[in-house]
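Novice: Below is one structure. I have some questions about it.
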2 protein chains.
Amino acid sequence: MRESSESVGQNTRGEGYLQGLATDLVIFGFHETQLKILLLEYQNTGLLGLPAGFIRDDENLNDAARRTLTQRTGLGDIFLEQFYVFGDLGRHDPQPLRSILIGKGETPPDDHWLLRRFVTVGFYALVGFTRALPNPDALADRCAWYDLATLPPLMLDHTAIVQKALDTLRANLDHKLIGANLLPELFTMNDLQQLYETILGQKMNRSAFQRKMLALGILERLEKRFSGGAHKAPFLYRFVQEESCQTRH
Amino acid sequence: MRESSESVGQNTRGEGYLQGLATDLVIFGFHETQLKILLLEYQNTGLLGLPAGFIRDDENLNDAARRTLTQRTGLGDIFLEQFYVFGDLGRHDPQPLRSILIGKGETPPDDHWLLRRFVTVGFYALVGFTRALPNPDALADRCAWYDLATLPPLMLDHTAIVQKALDTLRANLDHKLIGANLLPELFTMNDLQQLYETILGQKMNRSAFQRKMLALGILERLEKRFSGGAHKAPFLYRFVQEESCQTRH
DNA sequence: TATTATTGTCGCACTGTGAGACAATAAACC
DNA sequence: GGTTTATTGTCTCACAGTGCGACAATAATA
């Protein structure tokens, strides 16, 4: 395939890809009571942006997003879902991409396909923080986790895309098995509650939270964990595997 | 603009439009206890399809969808929202479009832009049945309401698109003011309940439904209506206008 | 051994909901 | 005109879910 021999930057006409359509990925992780997302850093530009991808003309849209997710994280079988299409004219600005291409030592022609207007399909993904292996793409020089609470300015309209993804994550928190995708295999009830409190941005009642989670019938209680603090040892839990599990789209 | 002098069919290269990207509209109406959608009929082909539109290269995506909605219904300021992007390779089939163009007396070249692969953004709209004036586009010869319960086979993957729109409508029934957009200005509690029962496809308890709706605080009770059946006259209601009304996106 | 911090669970009050009952009443019928 | 009929507005009761505080249990620490 073309990508192996030249990057999407050198392929100045974007041959083999759908024109004017891209995917932007908001990849959520959770670590030490903080919600994080994966960002790409572009050398010599100071620019930060969401992992993005293009759709090959022999590829399904959702498959293209999953391919990009796998390339950035090393993980394939995790939660990934569309949440919104960003198609305003106002989001078109060739300057950041031109800077990025120049930063890579290229001299893009004015009609380079990456400098034209793009409509982008926003996807959000839920990733086990410790399992992911962040990996930059051909145009970036670093891929790293950033705290959502203290997010620096992002290129183009990516800040608005992140906000919309967070809104969607909050709205879907009770319907989709968000926890199963952001927590490690084993966790305590307190871990789960801290995840919920971080996503929703508000404190929750401890006993009510426990009752509600146990009533859902999706948690399996395991042995107690003897380690840590000067207090009673908490149970460990695991999400029960259902055949109707929503971990994949 | 181009569209006024020639149709998207005669414009064989789709100049002035984004390539490979379209909108498909699922326009819901409600009449006599039946949920209905607007469909286009294509002459000499027997084909039925959703109203679709293209995005001009100087136009926002959402504006393009609203423009198409207005052209099909005569209505502009009504509920319209994205719900999913359909981008599988499997949905690409040039045959229906070729038949439609031939049915219009044209002889499309094999590389006609409408015969290439399209990714389509699905929108759903809520329309007051009596206010809409269905109006076909340049390729269709009729635009008419069809009962959702007895939907005939549709072209391409449009049946799946309708199903996904209905799923979204049901999921959003309690969050967005669906009723305000599908009912006439004045209505009875029974009208509202029948709308809910039709959308959800299940009977609901009468007194509980009334309690719930009144508790939402979005209904204004008006005078009673003296007309109709051999029974107590029901109150008329109206949705109160809030500044945060979700009738527009 | 006593202290401390956290955990598992219970009780209580409040809210929302499903279900049935009953009076009120407008039209239809004799 | 009186009676019947169907629908409406509202009430009560039971039950599930939730917010909030209290209490004992317990693992590490002093």
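Novice: Taking Cα pairs under 8 Å and at least six residues apart, what relative contact order does segment A:34-160 come out at, in percent?
Specialist: On the way: 179 pairs, mean separation 53.5, N = 127.
Reported relative contact order: 42 percent.
Novice: Let me ask something else. In square angstrom, rounded to the nearest 10, how much accessible surface does B:Lys224 have for a 1.4 Å probe?
Specialist: 70 Å²
Novice: How much accessible surface area, in Å² rounded to 10, belongs to the heavy atoms of A:His175 with a 1.4 Å probe?
Specialist: 130 Å²
Novice: I would also like to ask the following. Under a GNM of chain A (C-alpha, springs under 10 Å), which listed residue has the highest mean-square fluctuation: A:Met155, A:Met204, A:Met189?
Specialist: Maximum fluctuation in the GNM of chain A, among the listed residues, is at A:Met204.
Novice: Starting at 0 and stepping by 5 Å, how many percent of the alpha carbon pairs of segment B:156-195 end up in each bin?
Specialist: Result, from short to long distances: 5, 21, 23, 20, 15, 10, 5, 1 percent.
Novice: I need to check one value: relative contact order of chain B, counting alpha carbon pairs closer than 8 Å and at least 6 residues apart, in percent. Please report the intermediate quantities before stating the final value.
Specialist: Values: 405 pairs, mean separation 60.4, N = 249.
It rounds to 24 percent for chain B.
Novice: Which entries in the list A:Lys36/B:Lys164; A:Lys176/A:Lys203; A:Lys176/B:Lys212; A:Lys164/B:Lys176; B:Lys36/B:Lys203; B:Lys36/B:Lys164 go over 23 Å, if you measure between the two C-alpha atoms of each? If you can, show how the numbers build up before the last one.
Specialist: Details: A:Lys36/B:Lys164 31 Å; A:Lys176/A:Lys203 21 Å; A:Lys176/B:Lys212 26 Å; A:Lys164/B:Lys176 17 Å; B:Lys36/B:Lys203 19 Å; B:Lys36/B:Lys164 15 Å.
In this structure, A:Lys36/B:Lys164; A:Lys176/B:Lys212 exceed 23 Å between Cα atoms.
Novice: A follow-up question, please. Bin all alpha-carbon pair distances of the protein assembly as shown at 20 Å intervals from 0 and give each bin's fraction as a whole percent.
Specialist: 20, 48, 29, 3, 0
Novice: Take A:Asp167 and B:Thr159, extend 7 Å from each Cα along the Cα→Cβ direction, and tell me the distance between the two endpoints in nm.
Specialist: For A:Asp167 paired with B:Thr159, the spin-label model returns 3.5 nm.
Novice: Let me ask something else about it. Defining the label point at 7 Å along Cα→Cβ, can you sort the distances from A:Gln34 to the same site in each other copy, shortest first, in nm?
Specialist: Nearest to farthest, the other copies are at 5.9 nm.
Novice: A follow-up question, please. For B:Phe235, what charge total do you get from the other residues with a beta carbon under 9 Å from its beta carbon, if Lys and Arg give +1 and Asp and Glu give -1?
Specialist: Details: positive: B:Arg221, B:Lys224, B:Arg225; negative: B:Glu223.
Surrounding charge for B:Phe235 is +2.
Novice: Divide, for chain B, the radius of gyration over alpha carbons by 2.2 N^0.38 Å, where N is the residue count.
Specialist: Values: Rg = 20.1 Å, N = 249, 2.2 N^0.38 = 17.9 Å.
Cα Rg divided by the expected 2.2 N^0.38 Å: 1.12.
Novice: If each label sits 7 angstrom from Cα along the C-beta direction, how far apart, in nm, is B:Glu220 from its counterparts in the other copies?
Specialist: So the label point of B:Glu220 gives 5.7 nm to the other copies.
Novice: Just to confirm a number: summing +1 for Lys and Arg and -1 for Asp and Glu over residues other than B:Ala160 whose beta-carbon lies under 15 angstrom from that of B:Ala160, what do you get? Intermediate values should be presented prior to the final figure.
Specialist: Numbers: positive: B:Arg91, B:Lys164; negative: B:Asp24, B:Asp88, B:Asp93, B:Asp157, B:Asp167.
In short, -3.
Novice: Over all residues in B:55-68, what is the mean tally of Cβ atoms on other chains that come within 10 Å of each residue's Cβ? Intermediate results must be reported in sequence, preceding the final value.
Specialist: Details: counts 5, 1, 4, 2, 3, 7, 6, 4, 3, 1, 1, 0, 0, 0.
For peptide B:55-68, the averaged partner shielding equals 3.
Novice: Who wins for biggest fluctuation among B:Leu216, B:Leu154, B:Leu18 in a Gaussian network model of chain B, springs between alpha carbons below 10 Å?
Specialist: Greatest mean-square fluctuation among the candidates belongs to B:Leu216.
Novice: With all protein chains present and a 1.4 Å probe, how do B:Ser207, B:Ser7 order by accessible area, largest first? Before the final figure, lay out each step's value.
Specialist: Working: B:Ser207 70, B:Ser7 25 Å².
Descending accessible area places them as B:Ser207, B:Ser7.
Novice: Still on this structure: Residue-wise, which Karplus ³J(HN,Hα) couplings in Hz belong to segment A:80-91, taking 6.51 cos²θ - 1.76 cosθ + 1.60, θ = phi - 60°, and x for glycine or proline?
Specialist: 8, 8, 4, 10, 5, 10, 9, x, 6, 4, x, 7
Novice: Mind checking Rg over Rh on segment A:179-239, alpha carbons, Kirkwood formula for Rh? Can you show the working numbers first?
Specialist: Details: Rg = 11.6 Å, Rh = 12.2 Å.
Computed over Cα atoms, the ratio is 0.95.
Novice: Protein chains only, probe 1.4 Å: how do A:Ile78, A:Ile218 rank by accessible area, largest first?
Specialist: Working: A:Ile78 10, A:Ile218 35 Å².
Largest to smallest exposure gives the sequence A:Ile218, A:Ile78.
Novice: Mean-square fluctuation check for chain A, GNM, Cα pairs under 10 Å: which of A:Asn44, A:Asn205, A:Asn60 is largest?
Specialist: In this elastic network of chain A, the residue with the biggest mean-square fluctuation among A:Asn44, A:Asn205, A:Asn60 is A:Asn205.
Novice: Could you pull out every whole DSSP H run in chain B that spans at least 27 Å of Cα extent along its own axis and averages -0.5 or higher on the Kyte-Doolittle scale? Can you show the working numbers first?
Specialist: Details: long enough: none.
Counting only whole DSSP H runs, no helix qualifies.
Novice: Once you mark the GluC sites (Glu not before Pro) that are in a DSSP loop and have at most 13 other Cβ atoms within 10 Å, what is the longest gap between them in chain B? Please report the intermediate quantities before stating the final value.
Specialist: Numbers: sites that count: B:Glu6, B:Glu15, B:Glu32, B:Glu185, B:Glu242, B:Glu243.
Between the exposed loop sites, the longest stretch runs B:33-184.
Novice: Positive end of the dipole of segment B:1-72, charges at C-beta (+1 Lys, Arg; -1 Asp, Glu), about the Cα centre: which of B:Asn44, B:Gln19, B:Gly29 has its Cα farthest in that direction?
Specialist: Most positive-ward Cα: B:Gly29.
Novice: Provide a whole-number value for the mean count of partner chain Cβ atoms within 10 Å of the Cβ atoms in peptide A:114-120. Working shown, then result.
Specialist: Numbers: counts 0, 0, 1, 4, 1, 9, 0.
Mean shielding count: 2.
Novice: Further, regarding this structure: Across the residues of A:17-26, average count of Cβ atoms on other protein chains within 10 Å?
Specialist: Values: counts 0, 7, 4, 7, 7, 0, 2, 0, 0, 0.
Mean number of neighbouring Cβ atoms from other chains: 3.
The values are calculated or read from the model by the stated rules, or taken from the named source; none is laboratory data. Please read all numbers here as calculations on a predicted model, not as lab measurements. All Cβ positions, even for glycine, are placed from backbone atoms using ideal geometry, and neighbour counts span all protein chains on display. Just the protein is used for accessible areas: all its heavy atoms, side chains included, with ligands, DNA and RNA removed. Shrake-Rupley method; radii C 1.70, N 1.55, O 1.52, S 1.80 Å.
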